[in-house]
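Single-structure report; data block below.
The values are calculated or read from the model by the stated rules, or taken from the named source; none is laboratory data. All values derive from a computational prediction rather than experimental measurement. No Cβ is skipped: glycine too gets one built from the backbone with ideal geometry, and neighbour counts run over all protein chains shown. Just so you know, the surface numbers come from the protein's heavy atoms only, side chains and all, with ligands and any DNA or RNA stripped out. Shrake-Rupley method; radii C 1.70, N 1.55, O 1.52, S 1.80 Å.
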Amino acid sequence: MSSSTNTNTSTYLSATFPNEFRTPPPARLQSLYSDIHRQKQSNPEGFRSSIGWWTRVLDGLVRNGKQPESDDALVLHVGESLGEALRWEKVGRPVGLGCVVEELANTRVLVPLQTFLKSPVPMNYQPGLAYRVAAFVVGKPF
């Protein structure tokens, strides 16, 4: 990865999240960059807060074309280059990034590209009330 990619991402992060990305880094940033997986059971509210923060960060990177090695504004490219681009001085790489991506996939905030492309209906499709009633009645054994 080029240092210009990391600088581009760092500049975006410090401009968009000035309270978290400053020197020295606050305890909150250190917490967000730690392994948050254990918080899911021990501190569910903190876990949801961390996932929400990372959702905003990743969404902003995609929407603003600030992903490493891609200017894609629709698809999040998850890989080593993303973790490296998110490296922050005195904090390091986000250790819990894999957990964040997994949680976002489990909650369908993120959908694998191939799943999206192969889906016969739009991913955000919500059937109308008549369809749901008919499906309930027809699907119910007599």
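Can you give me the number of residues within segment 80-109 that are at negative phi and either open to solvent by less than 70 Å² (accessible area, probe 1.4 Å) or in contact with a strand residue (DSSP E or B) (Cβ under 9 Å, 6 or more places away or on another chain) (or both)?
Matching residues across segment 80-109 total 18.
Specify the residue that is modelled with the lowest pLDDT; the eligible residues are those in segment 13-30 that are surrounded by 16 or more Cβ atoms within 10 Å (Cβ to Cβ) and part of a helix (DSSP H, G or I).
Checking each candidate, the answer is Leu13.
Identify, please: which residue in segment 41-59 is in contact (Cβ under 8 Å) with a residue 40 or more places away in the chain and not aromatic (Phe, Trp, Tyr) and is, among those, farthest from Glu102 (Cα to Cα)?
It comes out as Val57.
Just one of (1) open to solvent by 80 Å² or more (accessible area, probe 1.4 Å); (2) part of a helix (DSSP H, G or I); (3) within 20 Å of Val111 (Cβ to Cβ) trips up Gly60, so point out which.
Unmet for Gly60, out of (1) open to solvent by 80 Å² or more (accessible area, probe 1.4 Å); (2) part of a helix (DSSP H, G or I); (3) within 20 Å of Val111 (Cβ to Cβ): (1).
Of all residues in segment 29-51, how many are under 14 Å from the mean Cα position of the chain (by Cα) and more than 15 Å from Pro94 (Cα to Cα)?
Qualifying residue count, segment 29-51: 2.
For segment 71-127: of the residues being among the charged types (D, E, K, R), at pLDDT 90 or above and not in a loop (DSSP other than H, G, I, E, B), which is nearest to Phe17 (Cα to Cα)?
Looking at the filtered set, the residue picked out is Glu84.
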